[in-house]
Amino acid sequence: MRVAVWISGGGTTLLNLLNKMKQGLLDIDVVLVTSSSKEAAGLTFAEEANIETLVVQRKDHATAEEYCTAMFSRCRELNVDYVVMAGFLKHVMIPDDFVNRVVNIHPSLIPAFCGKSMYGANVHRAVVAYGVKKTGCTVHFVDNEFDHGPIILQRHVNISASDDASQVAEKVFEAECEAYPTVLQWLANGRISVVDRSVSIR
């Protein structure tokens, strides 16, 4: 399965996927890493793994349509099967030929603590402030709304009243490191089907 990974920052999710591949636990081929910022530290991981990199900045494109074209054109040229968002923080319209072919992992149990501006540490601070007893991560297909597409897999973690946002983040990231490769392997094995919002795992 040919994959493009989209990043915006440190690339920890990308690094986890590359490590799973090295360990023989994930049977995918990352053929492209696209970043929303030329300063993204995650680009280094791609370069060290001899993966093609591309920087596409939203500010360089006048319209949402132009930005969409810039993000997906190289994916089409490389015959990418799936786009994997890995800490990618920009909103991109999903073209018809990539519907249910873009996946994302969100650091909460959607529909809780999600939507515009709810990413990274913002999510974990909100979780702590609300006082919930469980949080987790959600792997989902991406549509044209924030954190809205069909849910593929969720993993939950227990949190205590003494946990701060950084401790919650550590617990959730540990769950993410298992959940995302699991879903990608299911996709590689052709085990996932989607009808409307219903995702089936064979």
Computed from the beta carbon distance with a Förster radius of 25 Å, FRET efficiency for LYS133 and GLU174 to the nearest 0.05 stands at 0.90
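At 1.4 Å probe size, with the rest of the protein present, what percent of the exposed accessible area of the chain is carbon and sulfur atoms?
Working: 4890 of 9930 Å².
The nonpolar share, carbon plus sulfur, comes to 49 percent.
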Taking r as the C-beta separation of ASN19 and GLU65 and R0 as 41 Å, the FRET efficiency to the nearest 0.05 is 0.70
Sequence order, region 156-170: Karplus ³J(HN,Hα) from phi using 6.51 cos²θ - 1.76 cosθ + 1.60, θ = phi - 60°, Hz rounded, Gly and Pro as x, gives 10, 10, 8, 10, 10, 5, 8, 6, 9, 4, 5, 5, 4, 4, 4
Note: GLU77 to PHE146 extended length (0.36 nm per residue) minus current alpha-carbon separation gives 22.2 nm
Taking the chain, the whole-percent share of alpha-carbon pairs separated by over 31 angstrom is 14 percent
For TYR67, the net charge from surrounding residues (Cβ-Cβ under 13 Å; K, R +1; D, E -1) works out to 0
In whole Hz, the Karplus estimates of ³J(HN,Hα) for region 62-74 (6.51, -1.76, 1.60; θ = phi - 60°; x where Gly or Pro) are 6, 10, 5, 5, 5, 5, 4, 4, 5, 6, 9, 4, 5
Counting sequence-distant residues (5 or more places) and residues on other chains, those with an amide H built under 5 Å from that of VAL102 are VAL83, VAL142
Expressed in angstrom and rounded, the centroid-to-centroid distance over alpha carbons for region 123-174 and region 1-44 is 21 Å
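May I ask you to derive the FRET efficiency for ASP96 and ILE201 from their Cβ-Cβ distance with R0 = 30 Å, giving the value to the nearest 0.05? Write out the running numbers ahead of the final one.
Numbers: r = 25 Å, r/R0 = 0.82.
My answer for the efficiency is 0.75.
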Output row, site LYS38, 7 Å Cα→C-beta label point, backbone N cut-off 18 Å, window region 71-95, residues 71
The chain accessible area per residue, 1.4 Å probe, protein heavy atoms, integer Å², reads 49 Å²
Under the 7 Å Cα-to-Cβ spin-label approximation, ASN50 and LYS116 lie apart by a distance in nanometres of 4.4 nm
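The values are calculated or read from the model by the stated rules, or taken from the named source; none is laboratory data. Computed from a predicted structure; not experimentally measured. Note that we place each Cβ from the backbone using ideal geometry, even for glycine, and neighbour counts take in every protein chain shown. In case anyone asks, the SASA skips ligands and DNA or RNA and just uses the protein heavy atoms, side chains included. Shrake-Rupley method; radii C 1.70, N 1.55, O 1.52, S 1.80 Å.
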